[in-house]
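Participant: One structure follows; several queries about it will come next.
The values are calculated or read from the model by the stated rules, or taken from the named source; none is laboratory data. From a predicted model like this one, the values you see are computed outputs, not experimental measurements. Positions of Cβ are generated from backbone atoms using ideal geometry, with glycine treated the same way; all protein chains shown enter the neighbour counts. The protein model used for the area step is the full one, side chains on, heavy atoms only, and it has no ligands, DNA or RNA in it. Shrake-Rupley method; radii C 1.70, N 1.55, O 1.52, S 1.80 Å.
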Amino acid sequence: MITEKPRIQFTPERLERAREILTHYPEGKQKSALLPLLHLIQEQEGWTSPEAMDYIADFLGIKPIEVYEVATFYTMYHLEPVGKHVIEYCRTGPCMIMGGEEVYAHLKKKIGADDGETSPDNLFTIKPVECLAACGWGPCFQIREKYYTHLTIEKVDEIIDELKK
Amino acid sequence: MSSERLKILTANADIPGIETFEVYRKHGGYTAVEKAVKTMTPDAVVEEVKKSGVRGRGGAGFPMGMKWSFLAKPEGVPRYLVCNGDESEPGTFKDHWLMKTIPHLLIEGMIVSSFALGANTSYIYVRGELMYVVKILEKAIAEAKAAGFLGKNILGSGYDLELYVQPGGGAYICGEETALLESLEGKRGNPRNKPPFPAVKGLYQCPTVVNNVESISTTPWIVNNGGEAYAAVGIGRSTGTKLISASGHLKKPGVYEIPLGITVNEFIYSDEWCGGIRDGHHLKAVVAGGSSVPILPAALLLKTANGEDRLMTYESLADGGFATGTMLGSGGFIAMDETSCIVRNTWNFSRFYHHESCGQCSPCREGTGWMEKVLHRIEHGHGSMHDIDLLVDVSKKIEGNTICPLGDAAAWPVASAIRHFRDEFEWHIKFPQEATRPGAVYRGHMELA
Amino acid sequence: MKVTIDNITVEVEPGTTILQAARKIGPEIAPPAMCYYEPLKASGGKCRACLVKVTAGSEKDPRPMPKLVPSCITQVQDGMVVENTINQQVLDTRKGIVEFLLINHPLDCPICDQAGECHLQDFAFEHGMQQTRYEEERRTFEKTDLGPNIQLHMTRCILCYRCVFTADQITDGRVHGVLNRGDHAEISTYLEKAIDNDFSGNVIDVCPVGALTDKTYRFKNRVWFTKPVDAHCDCDKCKGDVTLWYRGDEVIRVTARKNQWGEVTAFICNKCRFERKKTSDWVIEGPTKVARHSVISANKYGANKIVPEFARRLAASQYKDVKEGRNLEQLSIQQLPEERFKQLVAPAGESAVAGIRSIQNWADDK
Ligand SMILES: Cc1cc2nc3c(=O)[nH]c(=O)nc-3n(C[C@H](O)[C@H](O)[C@H](O)COP(=O)(O)O)c2cc1C
Ligand code: SF4
Ligand code: SF4
Ligand code: SF4
Ligand code: FES
């Protein structure tokens, strides 16, 4: 028997939010909603799967390729499945000269995953990113919407231990 | 000391609850909206901004009033104001700080500025990583709207404005204004060829002004106090105050609002600002205006080639051109002490531009990757002497030949690092074993401060 | 309005670009264009091959423009003065552009179907440096199929966006586009989707390089052994005006007709391109008149402009072609013995063009 994958769609609350977003733009310019809607569906699904992209294309009445072009351009859309927490650490100059190198090396060791990898327990995915606009508070990383700044090895231990609970 | 300084943007930043409408309003917030929509014409607001001499705080330093006066105003075509909150330039974090700390200042500025430009729909484009700031701004907008400062017929003036926050998706290039507009239209962040400029064909091919968060945030004060009062602060064509994002090996990194015109020396060493270099260390080099501007060795940063004190102004930092000067840029002030490796940092920045190139035009797409690879080799002990000249040549072939200034921004850090720190590059090449030892830094001749 | 390019003044309509004005003067003056394509709206401005110096902006404002400008998208002003072939900065910059386009380009000419009619080869011959200074690893991609008839060799792509504009503007459903960014940007469908559309084949003709090629033609022949003939048919989908490429009596390829700038004059449908491969399908008009822009047919490459690397590659391709039949896949330039190369190219002296001709003659003798 062929089991069809459940079709992706927004949850009712998100659907409402998506409809509200569409009102931000003039008639006929609904493609403008593409980036916010991709964030919305990723927040729901955990990653930006091809099915999710096709759903958004359909939702906005645009060609699927227009969504792929955009989703692959920006760095925030996870095009592969990720762990529960995605740790996006800033690897750019100002954070690196403030001791980022040691801190991030420790982070990766502690989690057991290297750049772009997910930890064996599927809890953490590590993604190096460029400048997060927190240079004076570095080294720093971001987990979802939250910024963790002034990182030290001890602080990393605390944060990760907390998240593991 | 600091209490005597005129703070145009940050006067109320420390007040608890300033992020809420109530507290912001209680401390004089939104009076500029009242003044503008009730007592001024849009042109009068533009006039005040012109008089203030305030220059764009996003990096290029273009006079804001003049930009506004270029906006095309064809009949029956909507105009847009788009605020650039993409802030992704390494070393710069002032917009982030300002938006999360005093969100209503930007909202108020957007209302006043949109009114001046005749825009009825305006957008604040915020880099997607700052989703929590997007939510702060959205909350502030809802509050302002509930109080009648946004929406239809603002304060009974007949002026309508809808204000929306748009998140980006993670791309430095979307800070470039035309890439930002493309992104706001739901496309890849490919910068457009100019002309046409946004003032003629911007968002949805309509006339559009794009301004930085900090630029827009100056307008409430300018409306309240007049352009002349603003212009009274600062020196020459560097009027007003500027937010400086201070990072690196400083005692007190952070965001500071300085009156333009203080000396660089005072900014770094005075306790009012950065408090000097971290204990036991000395200043080696500074990137004064965000990663894109030329790096300067400490001596040339503090004094111009003519031996004059360098000031925190657009003109003084640029004194000496690229040979011995730099730029104020976006005010991303990155201080490096003697433990910093210039080659490593140059490679790091180079990787940044390689990573962030949109890839549309061949010099930047191919050249940024080439420079990164060569720098990576040098940093890791596999360089050869001719690589240094090759880097300079490649950077020259990129500079000025690309669609948008990201190409220049990628070229300048490399060219300037080699210009001022050639010895250090040569040391990496001549003594690879020594240079690649963990924690090794060049200890050859250099002047620290 | 009047514009002066390389000291030659020409009268043009307002709205004309510098490049179009230069083309009006003639091919000697026209800047090279790797991304601009007149039939496609919004094309141009990306490759930067066509950068020129504007020494006077207009009659009214005769100041020079500070930077070089892309001639393909910069409109002329009355009284504008432009320098192209006579400006050293322009020529040096162009050398740089060639180098940038080649650093990640494979040394594939010997096995590339585009060899001989490739704009990148032309561009490099005319404007390139002697040899590359690039020592790093080259970026590579796997080759893929875009449907049954079109092959994509992404490694050869120069990201001119022409195929994207073509799909947008002359087909009714674009399924491929530019994915990723920077030097990872690639032409792709993302998910393996076939380009399936009556006009999809036109992306092959607009592609300036051998990135998009006709699978029904692949490795059938080298373009310089074929004879182009103009022909038409009564087609219900397109105008039916084509160029047939013969080898002996056999039609081995059908393409749209192109003008002297290599631009398609009328797009054709897939039926004409892929399915009508018998002489009896066509009404023959006669030999194609437009000068082929290929490196082997034109005489425009003077002796002092030769790029040895490219010449060698071409020579190698022809040599191998003859020597080893069609088994071209494993071929690389290194396989052409130095001695043999000298023997073939050097005595012909003057130019590699002549050199290549001599190989051709030699091949024909065998
Ligand atoms: C690669 C690049 C990145 C930029 N990033 C930003 C940015 O993050 N924020 C910003 O305000 N301006 C940025 N700019 C400058 C903008 O293009 C534009 O000049 C500015 O937003 C105009 O506002 P202003 O006149 O108020 O400074 C960037 C420019 C370039 C070329
Ligand atoms: S200079 Fe770089 S970022 Fe700017 S358009 Fe060209 S490729 Fe894109
Ligand atoms: S013929 Fe053109 S596309 Fe093909 S490998 Fe040579 S230069 Fe590249
Ligand atoms: S495949 Fe060809 S036409 Fe398409 S972008 Fe690449 S080089 Fe241009
Ligand atoms: S042809 Fe003008 S930029 Fe490519």
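Participant: Non-local amide H neighbours of C:VAL251 (under 5 Å, H modeled in plane, Pro and chain starts lacking H): which ones?
Facilitator: When sequence neighbours closer than 5 places are left aside, the close amide H contacts are C:THR279.
Participant: Counting other Cβ atoms within 10 Å, keep those with at most 14, restrict to DSSP loop, and tell me which trypsin sites (Lys or Arg not before Pro) in the range A:56-130 are left. Walk me through the numbers on the way to the answer.
Facilitator: On the way: sites: A:LYS84, A:ARG91, A:LYS108, A:LYS109, A:LYS110; in loops: A:LYS84, A:ARG91.
Within the range A:56-130, the qualifying trypsin sites (Lys or Arg not before Pro) (loop, at most 14 other Cβ atoms within 10 Å) are A:LYS84.
Participant: Let's see if you can work this out: charge +1 on each Lys and Arg Cβ, -1 on each Asp and Glu Cβ, no other charges. What is the dipole magnitude of the protein assembly as shown about its Cα centre, in debye to the nearest 20? Walk me through the intermediate numbers first.
Facilitator: Working: 114 positive and 126 negative charges, 280 e Å.
Computed about the Cα centre, the dipole is about 1340 debye.
Participant: Restrict the search to the range B:1-103; then list the GluC sites (Glu not before Pro) that DSSP places in a loop and that have at most 13 other Cβ atoms within 10 Å of their Cβ.
Facilitator: Answer in residue order: B:GLU75.
Participant: Something else now. Can you give the % of DSSP beta bridges in the protein assembly as shown that are antiparallel, to the nearest 5?
Facilitator: The answer is about 65 percent antiparallel.
Participant: Could I ask something else about it? Between B:ASP319 and residues 5 or more places away or on another chain, which pairs have amide H atoms under 5 Å apart, with H built 1.01 Å from N, and which residues are they?
Facilitator: Amide H neighbours of B:ASP319: B:THR326.
Participant: Please work through chain A and write down the cysteines that have no neighbouring cysteine Cβ at a distance under 4.7 Å.
Facilitator: A:CYS131, A:CYS135, A:CYS140
Participant: Within the range B:127-216, which trypsin sites (Lys or Arg not before Pro) sit in a loop by DSSP and count at most 15 neighbouring Cβ atoms inside 10 Å? Walk me through the numbers on the way to the answer.
Facilitator: Working: sites: B:ARG127, B:LYS135, B:LYS139, B:LYS145, B:LYS152, B:LYS187, B:ARG188, B:ARG192, B:LYS201; in loops: B:ARG127, B:LYS152, B:LYS187, B:ARG188, B:ARG192, B:LYS201.
Those satisfying the criteria are B:LYS152.
Participant: Something else now. Over all residues in B:282-294, what is the mean tally of Cβ atoms on other chains that come within 10 Å of each residue's Cβ?
Facilitator: Average neighbour count from other chains, rounded to a whole number: 1.
Participant: Shielding by partners for C:97-107, please: the mean number of other protein chain Cβ atoms within 10 Å of each residue's Cβ.
Facilitator: Partner Cβ neighbours, averaged per residue: 4.
Participant: With θ set to phi - 60°, apply the Karplus curve 6.51 cos²θ - 1.76 cosθ + 1.60 along the range A:54-67 and write out the HN-Hα couplings as whole Hz, x wherever there is a Gly or Pro.
Facilitator: 5, 5, 5, 4, 5, 4, 9, x, 10, 6, x, 4, 5, 6
Participant: Spelling out what I want: for every residue of the range B:280-286, take phi, set θ = phi - 60°, compute 6.51 cos²θ - 1.76 cosθ + 1.60 (Karplus), and round to whole Hz; glycine and proline get x.
Facilitator: So the Karplus estimates, Gly and Pro as x, are x, 10, 10, 6, 9, 7, 9 Hz.
Participant: If you don't mind, another one. Using a Förster distance of 51 Å, how high is the FRET efficiency between B:THR39 and C:MET65, based on the Cβ-Cβ distance and rounded to 0.05?
Facilitator: 0.70
Participant: Assuming R0 = 41 Å, what is the FRET efficiency of A:ASP161 and B:ASN120, from their Cβ-Cβ distance, to the nearest 0.05? Can you show the working numbers first?
Facilitator: Details: r = 51 Å, r/R0 = 1.25.
Taking R0 as 41 Å, the efficiency between A:ASP161 and B:ASN120 is 0.20.
Participant: Got a number for the accessible area of B:SER52? Probe 1.4 Å, square angstrom, nearest 10.
Facilitator: 0
Participant: Based on Cβ point charges of +1 for Lys and Arg and -1 for Asp and Glu, what charge dipole magnitude is obtained for the range B:1-143 about its Cα centre, in debye rounded to the nearest 20?
Facilitator: That gives the range B:1-143 a dipole magnitude of about 260 debye.
Participant: At a Förster distance of 51 Å, what's the computed FRET efficiency of C:LYS95 paired with A:LYS63, Cβ-Cβ distance as r, to 0.05?
Facilitator: 0.85
Participant: Using 0.36 nm per residue, how much length does the chain from C:ALA266 to C:LYS41 gain when fully extended, once their Cα-Cα distance is taken away?
Facilitator: The C:ALA266-C:LYS41 span can extend by a further 79.5 nm.
Participant: Which value in nm describes the separation of the simple spin-label points at C:LYS2 and B:ALA142, placed 7 Å from the Cα toward the beta carbon?
Facilitator: Label-label distance for C:LYS2 and B:ALA142, simple model: 6.7 nm.
Participant: Quick one: 3J(HN,Hα) in Hz for the range C:142-155, Karplus 6.51/-1.76/1.60 with θ = phi - 60°, rounded, Gly and Pro as x.
Facilitator: Computed from phi, the couplings for the range C:142-155 are 6, 7, 9, 9, 10, x, x, 10, 10, 10, 10, 9, 4, 4 Hz.
Participant: Show A:HIS39, B:HIS386, B:HIS104 ordered by accessible area, largest first, where the area counts protein heavy atoms only and the probe is 1.4 Å.
Facilitator: Largest to smallest exposure gives the sequence B:HIS386, A:HIS39, B:HIS104.
Participant: Would you grab the residues whose amide H sits under 5 Å from the one on B:GLY59? Only those 5+ places off in sequence or on another chain, please, with H modelled 1.01 Å from N.
Facilitator: Close amide H contacts, sequence-distant or interchain: none at all.
Participant: Let me ask something else about it. Within 10 Å of each Cβ of C:79-89, how many other protein chain Cβ atoms are there on average? Provide the component values of the computation, followed by the final result.
Facilitator: Numbers: counts 0, 0, 0, 0, 0, 0, 0, 0, 0, 0, 1.
Per residue, the average neighbour count from other chains is 0.
Participant: With an 8 Å cut-off on Cα pairs and a minimum separation of 6 or more residues, tell me the relative contact order of chain A in percent. Can you show the working numbers first?
Facilitator: Numbers: 207 pairs, mean separation 29.0, N = 165.
Worked out over chain A, it gives 18 percent.
Participant: Between B:MET327, B:MET312, B:MET40, which gets the highest mean-square fluctuation from a Gaussian network model of chain B, Cα cutoff 10 Å?
Facilitator: In this elastic network of chain B, the residue with the biggest mean-square fluctuation among B:MET327, B:MET312, B:MET40 is B:MET40.
Participant: Provide B:ASP95, B:ASP43, C:ASP236 ordered by accessible surface of protein heavy atoms (probe 1.4 Å), highest first.
Facilitator: So, going from the largest accessible area down, we get C:ASP236, B:ASP43, B:ASP95.
Participant: Sticking with this one: So, with a 1.4 angstrom probe, what is the percent of accessible area on the range B:21-231 that is carbon and sulfur?
Facilitator: Carbon and sulfur: 56 percent of the exposed surface of the range B:21-231.
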